[in-house]
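The next block holds one structure in the form of structure tokens; read it before the comments.
The values are calculated or read from the model by the stated rules, or taken from the named source; none is laboratory data. Fair warning: this is a prediction, and the values are worked out from it, not measured in the lab. Don't worry about glycine lacking a Cβ; one is built from the backbone with ideal geometry, like all the others, and counts go over all protein chains shown.
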Amino acid sequence: MLTQIRPAIVLFGLLSAVTGLLYPLAITGAAQVAFPAQANGSRVIDEGTIIGSDLIGQNFSQPQYFWPRPSATGPDAYNAAASSGSNVGPTGAALIERVGEAVTATGKPTASADAVTTSGSGLDPHITPKMLQHRSSASRLPAALTPRSSYPCSPM
Amino acid sequence: MSLIGWLQIGFVLVAVLVLVRPLGLYMARVFSGERTFLSPVLAPVERGFYALAGVKPEREQSWLGYALGVLAFSTAGFFGLYVLLRVQNYLPLNPQGFAGLAPDLAFNTAVSFVTNTNWQSYGGETTMSHLSQMLGLTVQNFVSAATGIGVAMALTRAFMRSGVSELGNFWVDLTRATLYVLLPLAIVVALAFVTMGVPQSLDASFVATTLEGAQQTIATGPVASQEAIKQLGTNGGGFFNTNAAHPFENPTAFSNYLQIIAMLTVSSALVYAFGQMVGSRRQGCALLSVTVIMLVVSTGAIYWAESFGNPLLTAVGVDPMLGNMEGKEVRFGQAMSALYAAVTTGLSNGGVNAMHGSLTPLGGLVPLFLMQLGEVLPGGVGSGLYGLLVFAILAVFVAGLMVGRTPEFLGKKIEAREMKLAMLAVLILPLTILGFTAVSAVAEWGTNSILTPGPHGLSEILYAYTSAAANNGSAFGGLTANTPWYNTTLGIAMLLGRFAYLVPVLAIAGAIAKKPRAAVSSGTFPTDRPLFVGLLIGIILILGGLQFFPALALGPIVEHFVMLAGQSF
């Protein structure tokens, strides 16, 4: 057993240095040089202010914007400092109640599934065209909008 | 279900099968000690490591020596990680100023990453300093996978050799698996992830002012480097709380393809490498077909169940056309969420791109069942191959009983000692899973953590212990697992699932290496034909799965019928 202790400790130290410091720092350096926009979180900058990330959904409530899906993050929706899904099970009364209320809030008898359920991350930046049709704000859509499989709710 | 969905599933699986052969052949060379195209760069580094560690690479170990090496290295890794997590507040690269972890959480997390489980009782972006993510978790993502590869190679050599007790040198296998296989792949995959939008910086977060004037703090960090090895090493531990559902871990449909391909390829290539090394590529392909068949069927089952939607939600006015979208991301949709869920549990990955706890009862049953089969489809890096070989040994034994001949696998007679050890290994999972689940389902300290009561509550507990014992790491996230009871017992389950399985496997390897290799005769049961593939699937389902059927009946199966009856809890 004693003959195992030296290689265990020395190799753990050496492999830690290579895979835990050298590797991530080298990737960081390469990424910052070659792909700085992506490596820093795909920030969207408008007149010098960061207005969001291309990839992260945001909560909108004014009618001129696309509204995102409900979000399970706390304490506020679309908290990108603490991602979270609801994790509630399919037979949970909490789920049925919450979704039922969301359907009622759309003012229509049925709603698209993405419009009334929370995403896995709580930061889902996309909505489906179906969801737009169900939304009361859909009438305010710009006329030039081309049909796509999904629409962004992040500033692009 | 849609044609596009199935085309995507087919595309990913074909991409993996294309990569399996070159990578498998490369790994066979690496672990036979041959030169590779990376040797000019890496061989001097490797020699330096051995010199410093006092390792003589040509001196091989018996099964016991190999096992002691694994245990010694894992122990060193555990203490190193535990201390790092406890004192992260005193160390650099902690931009958010996170506190050190509580003892029970540090124990759970250290065990979790050393055993290649990556169960996470914490939320990454609200708990871990960058140094802990890099020097703690990323390191174990590499070396726990490399340890698994080592054990798989020791068992492979046992089938290649006869009349010897040496199985290779653990320190050499560990070093070569890390430097020659995992590190180069991780560099390529990490940079690919960055191009797709996965962040890689030492900043903690940045603040955005939304168009409506609200402030949004967006957490980032060295994500891509960890994401790459998380998939390649079938670890599954995410940088962020919501793992690969988080847009920074998995930003696009393409990054999602790459994630699934990265997690499947190394394990599958090891199975091919096994065939190459024992001199029968057909054997490797036969084992691979078992995994492909079972993965496709499982994916189809999840895809079907999720596309059907949740009738309780349909009743309150949800259009079922998109299927069950709770806990899922729009950019992946049902097909790629289903494939991810099947692959992450058929392997011992445990990363998730949709919240498994919010899957429909049958959609959640499949991942649970796949883990209970022992994760052999094709399983974790290394651990999957040796798990699959244990089932293959059991399959030839059953076949031998049916025709009244001594069972053989690849020319090695399978006798009482190997059978006892194989059964010992296979019984660890039900013992650990069902034992701990039973206690937690009746005791207050177990049931207090349940989020969704009713049958789903039992599923939450069963899933947690299954995930821990099978070294998977995915969760029905409703369960509040960051309590002393769950942190401690899940830690014990992970240790048993890893080491109480791995040591008997090495003992089998030791016994098999000593046996002479018998010539193939007309009475030999061929193990590289469709008949064996079918038999092996049957054995995996019956031996691996049937023992859990009563527990599954009380959890997801009851929940399914209750859901159809319109009841909620």
When every residue in the range B:254-264 that is surrounded by fewer than 24 Cβ atoms within 10 Å (Cβ to Cβ) and within 19 Å of the chain's Cα centre (by Cα) is compared, the one nearest to B:D203 (Cα to Cα) is B:L258
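Tally up the residues in the range B:93-128 that are within 14 Å of chain A (Cβ to nearest Cβ) and either in contact with a Gly (Cβ under 9 Å, 6 or more places away or on another chain) or assigned to a loop (DSSP other than H, G, I, E, B) (or both), please.
First pass over the range B:93-128, keeping only residues within 14 Å of chain A (Cβ to nearest Cβ): B:93, B:95-98, B:110, B:113-114, B:120-128.
After this cut, where a residue has to be either in contact with a Gly (Cβ under 9 Å, 6 or more places away or on another chain) or assigned to a loop (DSSP other than H, G, I, E, B) (or both) as well, the list is B:93, B:95-98, B:110, B:113-114, B:120-125, B:128.
Result for the range B:93-128: 15.
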(1) out of contact with any strand residue (DSSP E or B) (no Cβ under 8 Å at 6 or more places or on another chain); (2) surrounded by fewer than 24 Cβ atoms within 10 Å (Cβ to Cβ); (3) within 17 Å of B:L506 (Cβ to Cβ) all hold for B:F79 apart from (3)
When (1) in a helix (DSSP H, G or I); (2) within 14 Å of another protein chain (Cβ to nearest Cβ) are applied to B:T265, the one that fails is (2)
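I'd like the residue in the range B:215-239 that is free of Cβ contacts under 8 Å to residues at least 40 places away in the same chain and within 7 Å of another protein chain (Cβ to nearest Cβ) and, out of all such residues, is nearest to B:L19 (Cα to Cα). Before the answer, list the steps.
Residues of the range B:215-239 that are free of Cβ contacts under 8 Å to residues at least 40 places away in the same chain, as a first pass: B:215-218, B:220, B:223-224, B:227.
Filter once more, keeping what is within 7 Å of another protein chain (Cβ to nearest Cβ): B:216-218, B:220, B:224.
Details: B:Q216: 41, B:T217: 40, B:I218: 36, B:T220: 31, B:A224: 22 Å.
Of everything passing the filter in the range B:215-239, B:A224 is nearest to B:L19 (Cα to Cα).
Run down B:R21, B:R35, B:R59 and say which single residue is surrounded by 12 or more Cβ atoms within 10 Å (Cβ to Cβ) and more than 9 Å from every other protein chain (Cβ to nearest Cβ). Even if it seems obvious, please write down each step before you answer.
Details: B:R35 fails: surrounded by 12 or more Cβ atoms within 10 Å (Cβ to Cβ); B:R59 fails: surrounded by 12 or more Cβ atoms within 10 Å (Cβ to Cβ).
Residue meeting the stated conditions: B:R21.
B:M336 - would you say it is farther than 22 Å from B:F499 by Cβ, within 11 Å of another protein chain (Cβ to nearest Cβ) and assigned to a helix (DSSP H, G or I)?
Details: farther than 22 Å from B:F499 by Cβ: yes; within 11 Å of another protein chain (Cβ to nearest Cβ): no; assigned to a helix (DSSP H, G or I): yes.
In short, no.
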Restrict the check to the range B:401-412 and report whether at least one residue is in contact with a Lys or Arg (Cβ under 6 Å, 6 or more places away or on another chain) and of a type in the set (V, I, T). yes
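Is it the case, given these coordinates, that B:L339 is in contact with a helix residue (DSSP H, G or I) (Cβ under 7 Å, 6 or more places away or on another chain), surrounded by fewer than 23 Cβ atoms within 10 Å (Cβ to Cβ) and closer than 23 Å to A:S83 by Cβ?
Numbers: in contact with a helix residue (DSSP H, G or I) (Cβ under 7 Å, 6 or more places away or on another chain): yes; surrounded by fewer than 23 Cβ atoms within 10 Å (Cβ to Cβ): no; closer than 23 Å to A:S83 by Cβ: yes.
Taking the combined requirement at face value, the residue does not satisfy it.
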Here the qualifying pairs (Cβ atoms under 6 Å; residues six or more apart or on different chains; first in the range A:39-50 and surrounded by 11 or more Cβ atoms within 10 Å (Cβ to Cβ) and of a type in the set (S, T, Y); second modelled with pLDDT of 90 or more and part of a loop (DSSP other than H, G, I, E, B)) come out as A:S42/A:D54; A:S42/A:L55; A:S42/B:G197
Note: among B:L496, B:L541, just one is surrounded by fewer than 15 Cβ atoms within 10 Å (Cβ to Cβ), within 22 Å of B:G382 (Cα to Cα) and not β-branched (V, I, T), namely B:L541
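Quick one: which of B:G300, B:G357, B:G363 is in a helix (DSSP H, G or I), touching a Phe, Trp or Tyr at 6+ places or on another chain (Cβ under 9 Å) and facing chain A (nearest Cβ under 7 Å)? Give the derivation first.
Working: B:G300 fails: facing chain A (nearest Cβ under 7 Å); B:G363 fails: facing chain A (nearest Cβ under 7 Å).
Only one candidate passes the filter, namely B:G357.
For the range B:299-324, what are the residues that are within 24 Å of B:S255 (Cβ to Cβ), crowded, with 22+ Cβ neighbours inside 10 Å and either within 25 Å of the chain's Cα centre (by Cα) or of a type in the set (S, T, Y) (or both)?
Narrowing the range B:299-324 to residues within 24 Å of B:S255 (Cβ to Cβ): B:299-300, B:302-303, B:306-307, B:322-324.
Those still in the list that are crowded, with 22+ Cβ neighbours inside 10 Å too: B:299, B:302-303, B:306, B:322-324.
Matches in the range B:299-324: B:T299, B:I302, B:Y303, B:E306.
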When the range B:183-192 is checked residue by residue, the ones that are in contact (Cβ under 8 Å) with a residue 60 or more places away in the chain and either more than 21 Å from the chain's Cα centre (by Cα) or facing chain A (nearest Cβ under 8 Å) (or both) are B:A192
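Among the residues of the range A:102-128, which ones are over 22 Å from A:Q58 (Cβ atoms) and either more than 7 Å from chain B (Cβ to nearest Cβ) or aliphatic (A, V, I, L, M) (or both)? Walk me through how you get there before you give the answer.
The first filter runs over the range A:102-128 and keeps only residues over 22 Å from A:Q58 (Cβ atoms), leaving A:103-104, A:107-110.
Once the filter is applied, which keeps residues that are over 22 Å from A:Q58 (Cβ atoms) and either more than 7 Å from chain B (Cβ to nearest Cβ) or aliphatic (A, V, I, L, M) (or both), the range A:102-128 yields A:V103, A:T104, A:G107, A:K108.
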Among B:V381, B:V398, the single one that is farther than 25 Å from B:M263 by Cα and either at pLDDT 95 or above or not acidic (D, E) (or both) is B:V398
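Go through B:T178, B:T209, B:T195, B:T147 for me and flag whichever is free of Cβ contacts under 8 Å to residues at least 12 places away in the same chain, within 27 Å of B:S132 (Cβ to Cβ) and of a type in the set (V, I, T). Talk me through it step by step, then tell me what you get.
Values: B:T178 fails: free of Cβ contacts under 8 Å to residues at least 12 places away in the same chain; B:T209 fails: within 27 Å of B:S132 (Cβ to Cβ); B:T147 fails: free of Cβ contacts under 8 Å to residues at least 12 places away in the same chain.
Going through B:T178, B:T209, B:T195, B:T147 in turn, the sole match is B:T195.
Quick one: which of A:D76, A:D54 is acidic (D, E), assigned by TED's automatic domain parsing to the domain that holds A:S119 and surrounded by fewer than 14 Cβ atoms within 10 Å (Cβ to Cβ)?
Values: A:D54 fails: surrounded by fewer than 14 Cβ atoms within 10 Å (Cβ to Cβ).
One residue alone meets the criteria, A:D76.
Every residue in the range B:73-88 that is of a type outside the set (D, E, K, R), within 17 Å of B:L105 (Cβ to Cβ) and assigned to a helix (DSSP H, G or I), please. Reasoning before the result, please.
Going residue by residue through the range B:73-88, those that are of a type outside the set (D, E, K, R) are B:73-85, B:87-88.
Narrowing the set further to residues that are within 17 Å of B:L105 (Cβ to Cβ) leaves B:78-85, B:87-88.
Selection gives B:F78, B:F79, B:G80, B:L81, B:Y82, B:V83, B:L84, B:L85, B:Q88.
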